[in-house]
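Asks: Pasting a structure below so you can have a look.
The values are calculated or read from the model by the stated rules, or taken from the named source; none is laboratory data. Because the structure is a prediction, the values reported are computed rather than measured. Every residue, glycine as well, gets a Cβ built from its backbone with ideal geometry; the counts of neighbours run over all protein chains shown.
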Amino acid sequence: MTQTETEPSPALRHHSWTPLCPSAYSPCAVEDLNADLARICGTFRIDPRPPQRGRISGALSRRHLARFDTAVVSLEAQGVTRDPQMIRRDPGDCLFLLVQDEGTSRIVQADRVTDLRPGDLYLADSTLPSEFLYTSQRSRQISVHLPREEALRRLGRLSAGGIGIRRDDPLHLALHGVIARGLSADPSCGPQTENGPLGEALLNILGAYFHALGHQTPQGDRQEDAAYAAALRHIHRHATDPDLDIAALAIACGLSRRTLQRLFERNGDTVSSRILSTRLDIAWSRLHSAASRTASRTDSSSEDSIAAIAFDCGFNDLSYFYRTFRARYGLPPGDVKRRRGLPQ
């Protein structure tokens, strides 16, 4: 996917992807995980889901892929944030090549919003504020740390600013092959082999990808991509507002309704379906994160009830919420209630 191409990430949709790293989650103090994250990746902040507070389930480990430091970040959390204050304190000098190895996430960086499903690749820029929002109960990302100055010199300026790697590009598969080989050569997994050539192969493939991308994307298309990305970012930030619709979005983006519709149609989407899918993703995540708060309650007026969550996510018609939720995830919210102990 490109920086402006986002795809729905329903938690129950299955994709053909074999994880590169084993699952490793254990209860940990958020403070300890933040310290580990700072040591391995730089200054970020883990944002627990509301009921989790000081402890979450997760694990962080440092690996190596050829000459590049690599992190495996496994978390059951709301997400991870890097804000301007953190950047001033710890500027960072890397581009992070991310593999979404388990679960789904949404990355917000600069004016780009990108949804990641298992197997997707994304190149994040450590010098820019970023939000990594986990849209599934668990999320594991592999982060290969590329020295920023060298990466920009070899990959070009298009690689800066946060950008997704198109899944339908043949080089996407080649990158996966190099990353899988490099991880298998990590000392914690077995003997090291081919580390030097693997590092060069990784940069050469990325260089070929961005070189081709620069020749394929006319300036006019880039401007439309930026407008589409800005619209996606506004939806992401304001989806829970029940008044958000195509008219409100057009005003916020400074575009006509027709121009806005054309931008979404060009990307195989519509404004209404994108707003709906974003609200449903938020509702799914909140239904799961509310479980521990409501397990011991029976009061159906609880703020964690399905109805309250639906209205809080921007739905003003409960029957419509139930119908669209089932169509997207293959089960009604009531099933989640019975499995998780949520009040109706």
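Asks: Check off (1) within 26 Å of ASN204 (Cα to Cα); (2) assigned to a helix (DSSP H, G or I) for VAL73 and give me the number that stays unchecked.
Replies: Among (1) within 26 Å of ASN204 (Cα to Cα); (2) assigned to a helix (DSSP H, G or I), the lone unmet condition for VAL73 is (2).
Asks: Here's another thing I want to ask about it. What pairs can you find where one residue is in the range 226-248 and touching a residue at least 40 places away in the same chain (Cβ under 8 Å) and over 13 Å from ASP269 (Cα atoms), the other is part of a loop (DSSP other than H, G, I, E, B) and aromatic (Phe, Trp, Tyr), and their Cβ atoms are less than 9 Å apart, with a gap of 6+ or different chains?
Replies: Correct list of pairs: PRO242/PHE315.
Asks: Restricting the first residue to the range 75-92 and requiring it to be at negative phi, which pairs with a second residue that is assigned to a strand (DSSP E or B) and of a type in the set (Phe, Trp, Tyr) meet a Cβ separation below 9 Å and a spacing of at least six or different chains?
Replies: Correct list of pairs: LEU75/TYR134; GLU76/TYR134; ALA77/TYR134; GLN78/TYR134; VAL80/PHE132; VAL80/TYR134; THR81/PHE132; ARG82/PHE132.
Asks: So which residues in the range 209-253 are in contact with a strand residue (DSSP E or B) (Cβ under 8 Å, 6 or more places away or on another chain), within 19 Å of SER159 (Cβ to Cβ) and modelled with pLDDT under 90, if there are any at all?
Replies: ALA229 - this is the single residue of the range 209-253 that is in contact with a strand residue (DSSP E or B) (Cβ under 8 Å, 6 or more places away or on another chain), within 19 Å of SER159 (Cβ to Cβ) and modelled with pLDDT under 90.
Asks: Could you tell me which residue of the range 287-344 is farthest from SER136 (Cα to Cα), considering only residues that are modelled with pLDDT of 80 or more and among the charged types (D, E, K, R)?
Replies: By that ranking, first place goes to ASP317.
Asks: What tally of residues in the range 111-160 results from selecting those that are surrounded by fewer than 23 Cβ atoms within 10 Å (Cβ to Cβ), in a strand (DSSP E or B) and among the acidic types (Asp, Glu)?
Replies: 2
Asks: Any residue in the range 84-96 that is modelled with pLDDT of 90 or more, within 24 Å of ALA201 (Cα to Cα) and touching a Cys at 6+ places or on another chain (Cβ under 8 Å)?
Replies: Within the range 84-96 (the criterion being modelled with pLDDT of 90 or more, within 24 Å of ALA201 (Cα to Cα) and touching a Cys at 6+ places or on another chain (Cβ under 8 Å)), the answer is yes, since at least one residue qualifies.
Asks: Condition first: more than 18 Å from ASN34 (Cβ to Cβ) and either among the charged types (D, E, K, R) or assigned by TED's automatic domain parsing to the domain that holds ILE235 (or both). Can you find one or more residues in the range 70-86 that meet it?
Replies: The answer is no; no qualifying residue exists.
Asks: What are the residue pairs meeting all of these: first residue in the range 260-277, first residue touching a residue at least 60 places away in the same chain (Cβ under 8 Å) and in the same structural domain as ALA229 (by TED's automatic domain parsing), second residue among the hydrophobic types (A, V, I, L, M, F, W, C) and loosely packed, with under 14 Cβ neighbours inside 10 Å, Cβ atoms under 8 Å, and 6 or more apart or on different chains?
Replies: So the pair list comes out empty.
Asks: Can you find a residue in the range 17-35 that is modelled with pLDDT of 90 or more, of a type in the set (D, E, K, R), farther than 30 Å from ARG266 by Cβ and buried (at least 17 other Cβ atoms within 10 Å of the Cβ)?
Replies: No, the conditions are met nowhere in the range 17-35.
Asks: Now, a different point. Hey, can you tell me all the residues within the range 62-89 that are in contact with a strand residue (DSSP E or B) (Cβ under 6 Å, 6 or more places away or on another chain), under 20 Å from ARG148 (Cα atoms) and small (Gly, Ala, Ser)?
Replies: ALA71
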